[in-house]
Amino acid sequence: MSRWENEIVKAASILSVSTKTVVMSGAGVSAESNIPTFRDAGGLWDQMDPVEAGTADNLFAQLEQNADKLKPILNDLLNAFGKAEPNPGHTALFDLEKMGILKTVITQNIDNLHREAGNTDIIEMHGNMFQMRCLGCGHKAILDRKSYVSDIEEKLKTITKLDFSAIVSLALHCEHCSSIMRPDVVMFGEEVQAMSESFQAAQDSDAMLVLGTSGVVYPAAYLPFEAKKAGAGIIVINPKENPFDKITDVYIPMKTGEALPAIVQEIRNQAGAS
Ligand code: OAD
């Protein structure tokens, strides 16, 4: 029996009567798929400065000036993203959708793993690194994870200097208008995607699962507060304390890959017992 059994039971009781649960997920949900988070020890922002690398212009400059330092970090990241697969936390969220409980997944993650786990109603506020957006006509295309990453890895091997033209040479071209395509991800200073849909989903929810996020990046961090105002039960799963404590109904200090399957099992147990 888990040390947090009471919390698992409480979370299951909230979810079992819900038909409009909304998830708000962050990097912690993908940690068990071996994708590093941003702000944990050893996370991405320990390895590079978000101000220096988080905006498109600065990233280009950094890649050119500090290629020796950044290339191995980018290679490790590409490797992690290339191999990543949905973990039991992602799979449990698809189970909740199939059970008619979970309606929408709002995620800050760009790793495509909620989609690959099977969830169908997904809002990617910070974009998706496997979706390319044409800078000419706006056409969007989702790419296969493994072949895209191995393609980039092969091209990177042939590049000696990571200057602007080398980076442009990595870009794909649109099948409709031949313009350059860029990964459809939100850099610092750019607008988040689908903000009004995200707020609407939070306001329409009857329960919210706040999963694996430090809750320090806005506007995503407003969403649990919007859900709470609308009367939703707030369940937070995160091994570490976070800024949602005042609005949290159930706090489970566990990994999502362990807590979410336990909650799904408990909902099934409760349904079997009634
Ligand atoms: P952070 O790295 O800020 O926070 C990750 C959170 O996940 C922390 O609170 C951890 O305690 C928690 N965590 C770690 N492992 C976990 C696990 N196995 N199960 C559950 N929780 C776990 O990541 P985000 O909150 O997603 O934005 O960061 C938000 C945004 O900041 C990102 O989308 C990114 C970044 O700058 C952009 O790049 C636009």
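The values are calculated or read from the model by the stated rules, or taken from the named source; none is laboratory data. Note that the structure is predicted; figures quoted are calculated from it, not measured. Please note: Cβ atoms are built from the backbone with ideal geometry, for glycine as well, and neighbour counts cover all protein chains shown. Ligands, DNA and RNA are excluded from the accessible area calculation, which covers all protein heavy atoms including side chains. Shrake-Rupley method; radii C 1.70, N 1.55, O 1.52, S 1.80 Å.
There is at least one residue in region 258-265 that is away from the ligand (no atom under 12 Å from the Cβ), among the β-branched types (Val, Ile, Thr) and open to solvent by less than 40 Å² (accessible area, probe 1.4 Å).
Restrict the check to region 178-200 and report whether at least one residue is in contact with a Cys (Cβ under 6 Å, 6 or more places away or on another chain) and either open to solvent by 20 Å² or more (accessible area, probe 1.4 Å) or within 16 Å of the ligand (Cβ to nearest atom) (or both). Talk me through it step by step, then tell me what you get.
Going residue by residue through region 178-200, those that are in contact with a Cys (Cβ under 6 Å, 6 or more places away or on another chain) are 179, 181.
Next cut, either open to solvent by 20 Å² or more (accessible area, probe 1.4 Å) or within 16 Å of the ligand (Cβ to nearest atom) (or both) only: 179.
Yes, the conditions are met somewhere in region 178-200.
Listed by first and then second residue, the pairs linking a residue in region 230-250 that is within 13 Å of the ligand (Cβ to nearest atom) to a residue that is open to solvent by 20 Å² or more (accessible area, probe 1.4 Å) and among the β-branched types (Val, Ile, Thr), with Cβ atoms under 8 Å apart and 6 or more places separating them unless they lie on different chains, are ILE235/ILE14; ILE235/THR248; VAL236/THR248; PRO243/VAL216. Per the conditions (1) open to solvent by 30 Å² or more (accessible area, probe 1.4 Å); (2) in the same structural domain as LEU260 (by TED's automatic domain parsing), the sole criterion not satisfied by CYS137 is (2).
Scan region 156-177 for residues that are surrounded by 13 or more Cβ atoms within 10 Å (Cβ to Cβ) and basic (Lys, Arg) and the total you get is 0.
Please enumerate the residues belonging to region 77-93 that are assigned to a helix (DSSP H, G or I) and either within 13 Å of the ligand (Cβ to nearest atom) or open to solvent by 30 Å² or more (accessible area, probe 1.4 Å) (or both). Let's see the steps before the verdict.
Start the filter on region 77-93 by keeping residues that are assigned to a helix (DSSP H, G or I), which leaves 77-83, 88-93.
Result: LEU77, ASN79, LYS83, PRO88, GLY89, HIS90, THR91, ALA92, LEU93.
Residues that are charged (D, E, K, R): find the strands (runs of 3 or more DSSP E) completely inside region 127-242 holding 2 or more of those.
On the way: elements: 127-134, 140-142, 181-185, 207-211, 233-237.
Result: 181-185.
Might you let me know whether region 222-231 holds any residue that is more than 24 Å from GLY257 (Cα to Cα) and modelled with pLDDT under 90? No: region 222-231 contains no residue that is more than 24 Å from GLY257 (Cα to Cα) and modelled with pLDDT under 90.
If only one of GLY127, GLY118 is at pLDDT 95 or above, small (Gly, Ala, Ser) and touching a strand residue (DSSP E or B) at 6+ places or on another chain (Cβ under 7 Å), which one is it? It would help to see each step written out before you state the result.
Numbers: GLY118 fails: touching a strand residue (DSSP E or B) at 6+ places or on another chain (Cβ under 7 Å).
Selected residue: GLY127, the only one of GLY127, GLY118 that is at pLDDT 95 or above, small (Gly, Ala, Ser) and touching a strand residue (DSSP E or B) at 6+ places or on another chain (Cβ under 7 Å).
Within region 201-216, how many residues are open to solvent by 40 Å² or more (accessible area, probe 1.4 Å) and among the hydrophobic types (A, V, I, L, M, F, W, C)? Result for region 201-216: 1. Residue pairs whose Cβ atoms lie under 8 Å apart, sitting 6 or more positions apart in sequence or on different chains, and linking a residue in region 191-202 that is of a type in the set (Gly, Ala, Ser) to a partner that is surrounded by fewer than 16 Cβ atoms within 10 Å (Cβ to Cβ), are SER198/PRO219; ALA202/ALA230.
Within region 23-37, how many residues are part of a helix (DSSP H, G or I) and open to solvent by less than 20 Å² (accessible area, probe 1.4 Å)? Reasoning before the result, please.
Our first condition is that a residue be part of a helix (DSSP H, G or I); within region 23-37, this holds for 28-31.
With the extra rule that they be open to solvent by less than 20 Å² (accessible area, probe 1.4 Å), the set shrinks to 29-30.
Adding up the residues that qualify gives 2.
Being part of a loop (DSSP other than H, G, I, E, B) and either open to solvent by 30 Å² or more (accessible area, probe 1.4 Å) or polar (S, T, N, Q) (or both) is the filter here, so list the residues in region 94-126 that pass it. Within region 94-126, MET99, GLY100, GLN108, ASN109, ILE110, ASN112, ASN119, THR120, ASP121, HIS126 qualify. Scanning region 217-229 for residues that are open to solvent by 60 Å² or more (accessible area, probe 1.4 Å) and either more than 17 Å from GLN200 (Cβ to Cβ) or within 11 Å of the ligand (Cβ to nearest atom) (or both) gives a single hit, TYR218.
Pick out the one residue from GLU52, GLU64 that is modelled with pLDDT under 95, more than 18 Å from the chain's Cα centre (by Cα) and farther than 30 Å from GLU241 by Cβ.
Numbers: GLU52 fails: farther than 30 Å from GLU241 by Cβ.
Answer to the check: GLU64.
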